[in-house]
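All remarks here apply to the structure that follows.
The values are calculated or read from the model by the stated rules, or taken from the named source; none is laboratory data. All figures in this text were calculated on a predicted structure; none of them were measured in a lab. A quick note on method: Cβ atoms are made from the backbone with ideal geometry, for glycine too, and the neighbour counts reach across all protein chains shown. Calculation scope for accessible area: heavy atoms of the full protein, side chains included, ligands and nucleic acids excluded. Shrake-Rupley method; radii C 1.70, N 1.55, O 1.52, S 1.80 Å.
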Amino acid sequence: MDTSSAAKGLRRRRIYAVLAGGLVLGVGTAVTLAAWNDSEFAKSTFTAGSFVFQGSTDGTAFADHASEAGAADLTFLVNPTNLSPGDTVYAPYAVKLTGSSAADLTQTVAIASGGTLIAADLAFDAVATTAFGCDATAFAAGTAIPTSITAGQTVNLCLKVSATEDLVQGHTGTVTWKWEAVSQ
């Protein structure tokens, strides 16, 4: 056999031996690294809060009146269909928040279009009262309507409507109050 062939064969075997050793070392290292790896996990379940905002014309039976078309009919102590300048009428209303979230509370008053009643014909005001019911005495003892409401809270309201000196004979129209609860 030729010495150069024998040297090439020996060199080839040495290369294979080094590669095989590296392969064994690499697999051993990978196994060793895998044995020293560890993981840790944590989790939690999240649920959004909720609330239901309802109103009542008698202070006890609350229901949803979620649109202008489904608005509750207020009962005024004096019939508001024969007003003269300077007349004032009162109506009680209550709002309640149920659920698990608090909310910001806002109130707006709007005169529906289609009638002849205009904003200058009437003046509107509302206060919060300690008990359900509304007349001049309850209104005078009332406080500012809160700007926030908590879950389970009922806010008794006293609504006051006064006919202004600008009231025009025969003007008619629908007035809608809107209270809005917005989650905090």
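Restricting the first member to the range 105-134 and to residues that are without any contact (Cβ under 8 Å) to a residue 12 or more places away in the chain, and the second to residues that are surrounded by 15 or more Cβ atoms within 10 Å (Cβ to Cβ), the beta-carbon pairs closer than 8 Å and six or more apart or on different chains are ALA119/ILE111. Within the range 150-173, the only residue that satisfies the criterion of being under 22 Å from GLY86 (Cβ atoms), part of a strand (DSSP E or B) and open to solvent by 30 Å² or more (accessible area, probe 1.4 Å) is LYS160. With respect to being acidic (Asp, Glu) and modelled with pLDDT of 65 or more, ASP2 falls outside the description.
Of everything in the range 128-149 that is open to solvent by less than 40 Å² (accessible area, probe 1.4 Å) and part of a strand (DSSP E or B), the residue that is nearest to SER183 (Cα to Cα) is ILE149. Given the criteria of a type in the set (D, E, K, R), part of a loop (DSSP other than H, G, I, E, B) and surrounded by 13 or more Cβ atoms within 10 Å (Cβ to Cβ), does ASP125 qualify? Considered against the rule, which asks whether it is of a type in the set (D, E, K, R), part of a loop (DSSP other than H, G, I, E, B) and surrounded by 13 or more Cβ atoms within 10 Å (Cβ to Cβ), ASP125 comes out as no. Being touching a strand residue (DSSP E or B) at 6+ places or on another chain (Cβ under 7 Å) and open to solvent by less than 50 Å² (accessible area, probe 1.4 Å) is the requirement here; does THR176 meet it? In short, yes.
Counting just the residues of the range 68-117 that are more than 28 Å from LEU167 (Cα to Cα), open to solvent by 40 Å² or more (accessible area, probe 1.4 Å) and among the hydroxyl-bearing types (Ser, Thr, Tyr), which one comes out modelled with the lowest pLDDT? Restricting to residues being more than 28 Å from LEU167 (Cα to Cα), open to solvent by 40 Å² or more (accessible area, probe 1.4 Å) and among the hydroxyl-bearing types (Ser, Thr, Tyr), the top hit is SER100.
When ALA110 is tested against the conditions (1) in a strand (DSSP E or B); (2) closer than 21 Å to GLN153 by Cα, the lone failure is (2).
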